[in-house]
1. Run the 1.4 Å probe and let me know the accessible area of Ser183, rounded to the nearest 10 Å².
2. (i) 16.9, 53; (ii) 16.7, 49; (iii) 18.7, 60: which one is Rg and Dmax of the Cα atoms in Å as calculated from this entry?
3. Which order do you get for Trp12, Trp122 if you rank them by accessible area with a 1.4 Å probe, largest at the top?
4. Quick one: with all protein chains in place, what share of the accessible area of the chain is carbon or sulfur, to the nearest percent (1.4 Å probe)?
5. So, with +1 on the Cβ of K and R and -1 on the Cβ of D and E, and no other charges, what is the size of the charge dipole of the chain about its Cα centre, to the nearest 20 debye?
6. Given Ser124, Gly96, Ala18, which one lies farthest toward the positive end of the charge dipole of the chain, if we put +1 on the Cβ of every Lys and Arg and -1 on the Cβ of every Asp and Glu?
7. Taking only protein heavy atoms and a 1.4 Å probe, what accessible area per residue, in Å², does the chain have with all protein chains in place?
8. Where nothing but the Cβ of Lys and Arg (+1) and of Asp and Glu (-1) is charged, how large is the charge dipole of region 47-142 around its Cα centre, in debye to the nearest 20?
Amino acid sequence: MEFWRATRRGFWEPETIALLTRVLRPHDVYLDAGAWIGPTVLCAAPRCTTVYCIEPDRYAYESLLMNIRLNGLNNVVPFHLALSDRDGMARMASTGTLGDTMTSLLAPQEGKQVLTVPCLSWSSFLDCFHPEVITVMKIDIEGAEFMLLPAMREYLSRNKPVLYLSTHAPFFRVDERRRKLQSLAEILSLYDGCLTSDMKHASPDALFSEDVMDGYPALLFYDTATRPDLP
C-alpha cells in the first residue's frame, strides 16, 4: 500500500510515468514486458486501446492480476510467462526477494530465491496469441533484452513500434559489455530517433555511454516519420 501512495505522489520512476503519458495515444496498442505488479500498466491502460502485459515472476504476477482487477482494466491482457529467444522452461532468480523488480533470467541462480518459469520466443508468442500490431513497447526484463531483441529484429523493422528499453549492461562482465551493447545497437539502428527517459535527445551512440555501460538507464527509440510528434 505504501508503494502505491508513493507512486501517486510521483516518487516512483516519475520519468517513466511522464514519458508514457506523453507517448501513448488513444489508438495505441501497448506491450509491457516486465510489468512487475503493474504501475506502468495502470498508467497505460486508460491512455490506449489495448495493453498486453507480461510478468514471469509468479509472486509479482499475483499482485499484477489483483491490481488489474481492482482497477477494472478490461482492456488489459496479462500473460504469466517470460519472453525470450526460445520456448521451454527456464530458471529465474532474484538478487533480492522474489516478487521484487530484480527477478532475472540472467541472475545468479543460487540459494532459495529461484523460480522455474515458462518461456516463449517472440515468434511463438505471435503465433500463439496473434496480438494486434503493437505500436508502443516497454521492455524492462533485467538483462534478458540481450536475448529477446535479436529475436524481435524482423518485427521491429516491419512495424517500427516506439520502444522504451531499460538497459542492464552490468549483468555482464566489464570486458563483455561493449560487445553485448553492440549487438543491440545493430538492431536499434533501424530507429532514427532516440530520447533519454526525461525526453532529451540522445545521440546514436547513446548505448555506449558511461551511464549505459555502468548503470541501468532507459532509452526511448522511435521512427521520426511515424512519430513526428515526439521531440
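1. My reading of the accessible area for Ser183 is about 40 Å².
2. (ii)
3. Reading off the accessible areas and sorting them downward yields Trp12, Trp122.
4. On the way: 5810 of 10940 Å².
Within the chain, the accessible surface is 53 percent carbon and sulfur.
5. I would put it at about 360 debye.
6. Ala18
7. Accessible area per residue: 47 Å².
8. Numbers: 7 positive and 11 negative charges, 38 e Å.
About 180 debye.
The values are calculated or read from the model by the stated rules, or taken from the named source; none is laboratory data. Everything numeric here is computed off the predicted structure, so don't read it as measured data. Neighbour counts are summed over all protein chains in view; Cβ atoms, including those assigned to glycine, are modelled from backbone coordinates with ideal geometry. Accessible surface is based on the protein model in full, side chains and every heavy atom, while ligands, DNA and RNA are left aside. Shrake-Rupley method; radii C 1.70, N 1.55, O 1.52, S 1.80 Å.
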